[in-house]
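This report concerns only the one structure given below.
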Ligand SMILES: Cc1cc2nc3c(=O)[nH]c(=O)nc-3n(C[C@H](O)[C@H](O)[C@H](O)COP(=O)(O)OP(=O)(O)OC[C@H]3O[C@@H](n4cnc5c(N)ncnc54)[C@H](O)[C@@H]3O)c2cc1C
Ligand code: FES
């Protein structure tokens, strides 16, 4: 279980306990987080699950691999250094407390 | 209070429309019109792709099909009527009638009616028990109990849905035969190299792939009361045995409502660059809508198209100056192979093949002369991602560069 918090650009905060193993795109949708779409169901085809990882958590979420890195160049809102595709972030105890910022296109 | 926006059809495009409309309204953009979502299926919008993939194979739970949780619609104050069909529209009075006898007024109407699979005519055995098409959850759930070890499945049509179902059925240990009328599977949608790749993949999994093979009719056995499919008669005189049949021969857009209401229809419900039909109060998005691209009126049957058009209509109605100019993408899962497609290969004149960075990977690059149009990437997400990026950026790397495995695509995409 990991407590995940999504912060939207208009200042809303949504927190939820996410079951280990679930990806954070699906968790966002299950918890009504706006602007995380997940059109491809998490198969790295769409880049519609873009989030910014809170700077404090960057070490814990780890490195972005080459493929995700390339897909990140196709997001609606321009990527930053802390961008991730949330379907590639998997809930685990290490991510308990993680804060994600949701870009609004 | 502004008049309601009514969305007809509660699928992928509709879900995208209502999501964007609400997201904009929550930011104070647009007129926050009330939304009424009407869908013929008994359930809220869901993802269809898994129906022939992970849901069919039992690897994805039913709950995870839904695009938004059921309670989301009421939380967002969206009025929903599921299990309800819209039977007629009166564009003059801006009213519509539903199958349960309601008359509903609209300010704006969005037709997201999708498409329906073609079935075989009755005289060819299309109505027999044991013959399926695959579009809805209900279709997938009717077929699921039939996927039993050792049974013989005949798939009519070698398109993506049929081939995906073939892969799932092999996983369950059925004997699978695919018959395709055209010279090769995937002929309508892909180059010969992509067809070759998938033919080989299915043959390696012991699927009997028969191309240039025409069906005369499905045959039946009868025990007096019930008659059920038991095989097929082919144009070459051969008889095939089958315990069940999946017909995957393409679809047609659901345009009946639009047509009856006098909207222009041509290869679908004709829309302009902002997904508006010939009636300015009526928009259309998704599988049912046809739009101009390179001088042709085309339709796309994909999640990308439905989601992007639904999203666009919400923005247009909220007053944003946007037009539809998509970079199409698509995917398919068969066995352990993931196919990802970027761009549209329509009008290609040549293809080049690039070996994948990992074994079993390969990509097919489509060109119109020197212009890069599309990429089919098999087990090579990197090629998909870079291809999509290049197409999006209007880059046209020379076919020689692409074909050379020694060249790093990443450097090409930076030019
Ligand atoms: C088995 C399968 C696998 C697929 N795999 C992929 C894939 O891998 N990748 C991909 O990109 N795309 C895939 N697709 C295509 C994709 O799912 C569709 O393009 C997408 O669902 C289209 O969305 P839509 O909103 O236009 O239509 P739909 O999602 O079909 O929604 C239309 C809805 O409108 C309802 N409706 C129609 N007429 C009326 C009426 N008069 N009144 C009320 N309701 C009405 C219908 O019942 C339906 O629920 C697949 C499709 C299928 C069937
Ligand atoms: S959901 Fe499509 S890339 Fe993450």
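The numbers here are math on the coordinates, done by the rules we state, and not lab data. All figures in this text were calculated on a predicted structure; none of them were measured in a lab. Cβ: placed from backbone, ideal geometry, glycine included. Neighbour counts: every protein chain shown.
Based only on other Cβ atoms within 10 Å, what is the fewest-to-most ordering of A:101, B:202, B:21?
Neighbour counts put them in this order, fewest first: A:101, B:202, B:21.
Run through all the Cα pairs of chain B and give the fraction in each 20 Å bin from 0, expressed as whole percent.
Binned Cα distances yield the sequence 25, 53, 21, 0.
Please give the residues of region B:300-342, grouped as numeric ranges, whose backbone N is less than 16 Å from a label point set 7 Å along the Cα-to-Cβ vector of residue B:3.
Within reach of a label on residue B:3, which here means backbone N under 16 Å from a point 7 Å along Cα→Cβ, region B:300-342 contributes B:317.
Okay, which of region B:47-71 sit inside 14 Å, backbone N to the point 7 Å along the Cα-Cβ direction of residue A:1?
Once the point is set 7 Å along Cα→Cβ of residue A:1, nothing inside region B:47-71 turns out to lie under 14 Å by backbone N.
Counting only other chains, and only Cβ atoms inside 10 Å, what mean value do you get across the residues of B:308-316? Each step should come with its number before you reach the end.
Details: counts 2, 0, 0, 5, 0, 0, 0, 1, 0.
For this peptide, the per-residue mean of nearby foreign Cβ atoms is 1.
Estimate the FRET efficiency between residue B:93 and residue B:403 by the formula 1/(1 + (r/R0)^6), using the beta-carbon distance for r and 45 Å for R0, to the nearest 0.05.
0.15
Which order do B:414, B:22, B:152 fall in if you start with the one that has the fewest other Cβ atoms within 10 Å? All intermediate terms of the calculation are to be shown ahead of the outcome.
Details: B:414 12, B:22 22, B:152 17.
So the residues, fewest neighbours to most, are B:414, B:152, B:22.
Could you tell me what a quarter of the Cα convex hull surface of region B:158-250 works out to, in nm² with one decimal place?
For region B:158-250, the mean projected area of the Cα convex hull comes to 6.4 nm².
Give the order of B:20, B:297 when sorted by the count of other beta carbons within 10 angstrom, beginning with the fewest.
Values: B:20 24, B:297 13.
Listed from fewest to most nearby Cβ atoms, that is B:297, B:20.
Antiparallel versus total DSSP beta bridges in region B:1-89: what percent is that, nearest 5? Spell out each step's value before the answer.
On the way: 1 of 8 bridges.
Here the share of antiparallel DSSP bridges comes out near 10 percent.
Need one number: nm distance between label points at residue B:227 and residue B:75, each 7 Å from Cα along Cα→Cβ, rounded to one decimal.
So the label points at residue B:227 and residue B:75 sit 5.2 nm apart.
Hey, what number do you get for the protein assembly as shown at 222 nm if only DSSP H runs of n ≥ 4 count, each worth -39500 (n - 2.57), divided across all residues, to the nearest 500?
That comes out to -6000 deg cm²/dmol.
Considering every residue in A:33-41, what mean count of other chain Cβ atoms within 10 Å of its Cβ is obtained?
6
In nanometres, what is the gap between the two model label sites at residue B:193 and residue A:10, each 7 Å from Cα along Cα-to-Cβ?
4.8
Once you place label points 7 Å from the Cα toward the Cβ at residue B:220 and residue B:266, how far apart are they in nm?
Placing both labels 7 Å beyond Cα along the Cβ direction yields 4.2 nm.
Let me know the mean shielding of A:45-52 by other chains, meaning the per-residue number of their Cβ atoms within 10 Å of its Cβ. Write out the running numbers ahead of the final one.
Working: counts 15, 6, 3, 6, 0, 0, 0, 0.
Neighbouring Cβ atoms belonging to other protein chains average 4 per residue here.
Can you tell me how much longer the chain between residue B:370 and residue B:105 gets when fully stretched, taken as 0.36 nm per residue apart minus their C-alpha distance, in nm with one decimal?
90.2 nm
Run the numbers on region A:2-102 and let me know its relative contact order in percent, using alpha-carbon pairs under 8 Å that are six or more apart.
With pairs under 8 Å counted, the relative contact order is 44 percent.
Could you compute Rg(Cα) / (2.2 N^0.38 Å) for the protein assembly as shown, with N its residue count? Could you put the intermediate results ahead of the total?
Values: Rg = 23.4 Å, N = 520, 2.2 N^0.38 = 23.7 Å.
Output field value: 0.99.
How much of the DSSP beta bridge set in region B:254-391 is antiparallel, as a percent to the nearest 5?
Of all bridge pairs located within region B:254-391, approximately 95 percent are antiparallel.
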